[in-house]
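Asks: Input: one structure, supplied below.
The values are calculated or read from the model by the stated rules, or taken from the named source; none is laboratory data. Keep in mind that this is a model prediction, so the values were computed, not measured. Virtual Cβ from ideal backbone geometry, glycine too; neighbours counted across all protein chains shown.
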Amino acid sequence: MFSKPIRNITTLVLPVGGLGTRLHPLTIHTPKALVKVAGRPLLDYMLIEARDAKIKDVVLVINPSQRAAFEKYVRRSRTLFPSLKFHVRLQHKPLGDGHAVAQAAEIVKNRPFAVRFCDDIVLGRVPALASLIAHATRQNGSVILLERVPKKIVSRYGVVGARKIGKRLYRIFRIVEKPVMKDAPSNLTIVGGYVFMPSIMRRLKLAVRALSSKEKDVLRLAFVLEDGLAKKEKIFGWELEGVRLDCGTLEGIARAEKYIRKSGKRW
């Protein structure tokens, strides 16, 4: 447990190494995170959140085969987002989202840090990342972004068992990956946004060392969080305010495009 009060959370890890096969043909020649929605790459929406949350360091964890595309993107982004310092780290094998986040350990060091996944654009009055950081600071614990969904679709997501402790704020006691509806502890599902205490990175590093050479052996963030819960670590959930646009499928991209253009919001 991170006992010292949190002062600043200024590092954001963006795992963007996915090949985006569900987004073919858009991702045949373009990394998933650079697919455009309403005229901007998905990654831009994460960087806007980062800028608004006063993030200083952004770590892109990429697939080595896409290095040239991301290096070009970073050169452009240094002009568009001058307050952000960019770091690129390689994930040589697709060994899971937890393994991807662990590649940022050298930059994160022994500090709290944030994680966002580009699949989920969250639009609201208060930016999602800034809200997560505020709650993590207040609770002095890790915080996961949550969304309440209809029970009939909970099997698509990671689902939490939680106790409400404040307005939109929960203390999490259980995480279940893609449960069938009858086994789901709630209809509060995990969205791609987190603020983690240093203990989570320590657990990730230990778990990476324990990975076997088996092809199907992967490290999921959910596994590490479940381990933390088992050891009585404080993990909270914040139910998002606003709209989540799931951009993990072609249909989701089309819906997000329509919603953002209709909203008239300028980015």
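Asks: I'd like the residue in segment 25-43 that is touching a residue at least 40 places away in the same chain (Cβ under 8 Å) and touching a helix residue (DSSP H, G or I) at 6+ places or on another chain (Cβ under 8 Å) and, out of all such residues, is nearest to A134 (Cα to Cα). Break it down stepwise before answering.
Replies: Our first condition is that a residue be touching a residue at least 40 places away in the same chain (Cβ under 8 Å); within segment 25-43, this holds for 26, 32-33, 35, 37-38, 40, 42-43.
The next check asks that each one be touching a helix residue (DSSP H, G or I) at 6+ places or on another chain (Cβ under 8 Å); those that pass are 26, 32-33, 35, 37-38, 42-43.
Details: L26: 36, K32: 29, A33: 26, V35: 30, V37: 28, A38: 29, L42: 24, L43: 22 Å.
Here the residue is L43.
Asks: What number of residues within segment 130-155 satisfy the criterion of being surrounded by fewer than 19 Cβ atoms within 10 Å (Cβ to Cβ) and touching a Gly at 6+ places or on another chain (Cβ under 6 Å)?
Replies: 0
Asks: Could you identify the single residue in A114, A104 that is in contact (Cβ under 8 Å) with a residue 12 or more places away in the chain and in contact with a Lys or Arg (Cβ under 8 Å, 6 or more places away or on another chain)? Give the steps one after another, and end with the answer.
Replies: On the way: A114 fails: in contact with a Lys or Arg (Cβ under 8 Å, 6 or more places away or on another chain).
Going through A114, A104 in turn, just one is in contact (Cβ under 8 Å) with a residue 12 or more places away in the chain and in contact with a Lys or Arg (Cβ under 8 Å, 6 or more places away or on another chain): A104.
Yes/no per residue for (1) outside any loop (DSSP other than H, G, I, E, B); (2) over 17 Å from the mean Cα position of the chain (by Cα):
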{"site": "R174", "(1), (2)": "yes, yes"}
{"site": "P179", "(1), (2)": "no, yes"}
{"site": "T189", "(1), (2)": "yes, no"}
{"site": "A207", "(1), (2)": "yes, yes"}
{"site": "F236", "(1), (2)": "yes, no"}
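Asks: Sticking with this structure for a sec: Output the residues belonging to segment 6-21 that are within 21 Å of K54 (Cβ to Cβ), at pLDDT below 95 and among the β-branched types (V, I, T). Step through it out loud before you land on a result.
Replies: Applying the first criterion (within 21 Å of K54 (Cβ to Cβ)) to segment 6-21 yields 6-14.
Adding the requirement that they be at pLDDT below 95 leaves 6-8.
Result: I6, single match.
Asks: What pairs come up if the first residue lies in segment 145-157 and is more than 10 Å from E177 (Cα to Cα), the second is assigned to a helix (DSSP H, G or I), and their beta carbons are under 8 Å apart, counting only those six or more places apart or on different chains?
Replies: Close Cβ pairs satisfying both conditions: L145/A128; L145/L132; K151/M181; K152/M181.
Asks: With the condition kept exactly as written, say whether any residue in segment 127-135 is touching a Pro at 6+ places or on another chain (Cβ under 7 Å), touching a residue at least 40 places away in the same chain (Cβ under 8 Å) and of a type outside the set (K, R).
Replies: Initial filter on segment 127-135 (touching a Pro at 6+ places or on another chain (Cβ under 7 Å)): none.
Within segment 127-135 (the criterion being touching a Pro at 6+ places or on another chain (Cβ under 7 Å), touching a residue at least 40 places away in the same chain (Cβ under 8 Å) and of a type outside the set (K, R)), the answer is no, since none of the residues qualifies.
Asks: Looking only at segment 89-129, how many residues end up being surrounded by fewer than 19 Cβ atoms within 10 Å (Cβ to Cβ), small (G, A, S) and in contact with a helix residue (DSSP H, G or I) (Cβ under 6 Å, 6 or more places away or on another chain)?
Replies: 1
Asks: Looking at the structure I just gave you, is R244 of a type in the set (K, R), part of a strand (DSSP E or B) and either touching a residue at least 60 places away in the same chain (Cβ under 8 Å) or surrounded by fewer than 20 Cβ atoms within 10 Å (Cβ to Cβ) (or both)? Walk me through how you get there before you give the answer.
Replies: Details: of a type in the set (K, R): yes; part of a strand (DSSP E or B): yes; either touching a residue at least 60 places away in the same chain (Cβ under 8 Å) or surrounded by fewer than 20 Cβ atoms within 10 Å (Cβ to Cβ) (or both): yes.
Spelling it out, R244 is indeed of a type in the set (K, R), part of a strand (DSSP E or B) and either touching a residue at least 60 places away in the same chain (Cβ under 8 Å) or surrounded by fewer than 20 Cβ atoms within 10 Å (Cβ to Cβ) (or both).
Asks: Output the number of the condition that F86 fails; it satisfies all remaining conditions of (1) in contact (Cβ under 8 Å) with a residue 24 or more places away in the chain; (2) crowded, with 16+ Cβ neighbours inside 10 Å; (3) outside any strand (DSSP E or B).
Replies: Going through (1) in contact (Cβ under 8 Å) with a residue 24 or more places away in the chain; (2) crowded, with 16+ Cβ neighbours inside 10 Å; (3) outside any strand (DSSP E or B) one by one, F86 breaks only (3).
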